[in-house]
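The values are calculated or read from the model by the stated rules, or taken from the named source; none is laboratory data. Here the structure is a predicted model, which is why all the values come from computation and not from measurement. When we count neighbours, we look across all protein chains shown, and the Cβ atoms used for this are built from the backbone with ideal geometry, even at glycine. Keep in mind that these areas ignore ligands, DNA and RNA; they rest on the heavy atoms of the full protein, side chains included. Shrake-Rupley method; radii C 1.70, N 1.55, O 1.52, S 1.80 Å.
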Amino acid sequence: MKPFRKNLAIAIDGGGIRGVIVTRALSMLEEKLERPLHELSRLYAGTSTGAIISASLASGMTAKRIHELYEELGGGVFRQTWRTFLFPISRHRYSAGPLERALVQQFGDMRLKDLWKDLALRDIVITAFDLLTNETCFIKPWKLQYQEWTLVKAVLASSSVPTYFPAVEGRYIDGGVGSYANPCYLAAYELSFCLGWDPEETTLLSLGTGRSPNAMRPGEPNRMAAWDWIQWLRSRAATTSRFSISSSRDRAWMAEDGNAAGLLDEKR
């Protein structure tokens, strides 16, 4: 394996419980390196399950421990209850309680600003979508409006997939709903325009969670009910959004982030 360059960034896609694929891969990488990744990387980016893993790494957890948590909590977080069986009569399939309790147990009351208060300056980019303002939220530890957010709130917001979990605070949902379901792109932007890293001195690891086979058999579409089509369109939109052109408003937000490079230089 080629050695990493001076700067290391890690980007992790969404994918629900399939995040266990990523945690296992990262565990194997740590075994190869004989060092925890949080000692090597200073930038993480993720959405949905990728936000959970990214925040865990940024908080100082080893990939092995994160993998163990996924194996322990998968059944509890996605436990079938009356909500599951009565959906779509129920508003969402699962309660956010088990996931929130698990996150509180791991992160406690750690806030975003806690990642940005020492000399290491650990950066993280978590995306969520604000239904009230119709904007993508780029949640980062050095942005003033998010510094008091707890890691639990940021991760829950990014993981609240519509129809699966309720919106956080009645407004924030999964970051993959917006135009930025591609954490690799976000990490590349962050390291180039916000952190001022030289791409030639940077290694960017991008990890996906695979994808479920979605091919249909001949005649199957004619047997689909209305809600089956809604579900198919929703999953299709989530896939194509990875390559969507961002809205002008979101581009303005990212341009504003880029202007923070001077501030970051001052803090180094």
Treating each Cα of region 101-205 as an identical point scatterer and ignoring solvent, apply the Debye formula and state log10 I(q)/I(0) at q = 0.12, 0.23 Å⁻¹. -0.43, -1.31
Pairs LYS64/LYS113; LYS117/LYS143; LYS117/LYS153: which are spaced more than 21 Å apart, C-alpha to C-alpha? LYS64/LYS113
Which whole-percent values make up P(r) of region 138-198 when all C-alpha to C-alpha distances are grouped in 5 Å steps starting at zero? 4, 16, 22, 23, 21, 9, 4, 1, 0
Provide the solvent-accessible area of MET224, counting protein heavy atoms only and rolling a 1.4 Å probe, rounded to the nearest 10 Å². 40 Å²
Let me know the charge dipole size of region 1-75 about its Cα centre in debye, to the nearest 20, where only the beta-carbon of Lys, Arg (+1) and Asp, Glu (-1) is charged. 380 debye
When ranked by the protection proxy of mean other Cβ atoms within 10 Å per residue, highest first, what sequence do the peptides 17-25, 98-106, 149-157 form? 149-157, 17-25, 98-106
I'd like to check one number: the per residue accessible area of region 121-166, probe 1.4 Å, reported in Å² as a whole number. 29 Å²
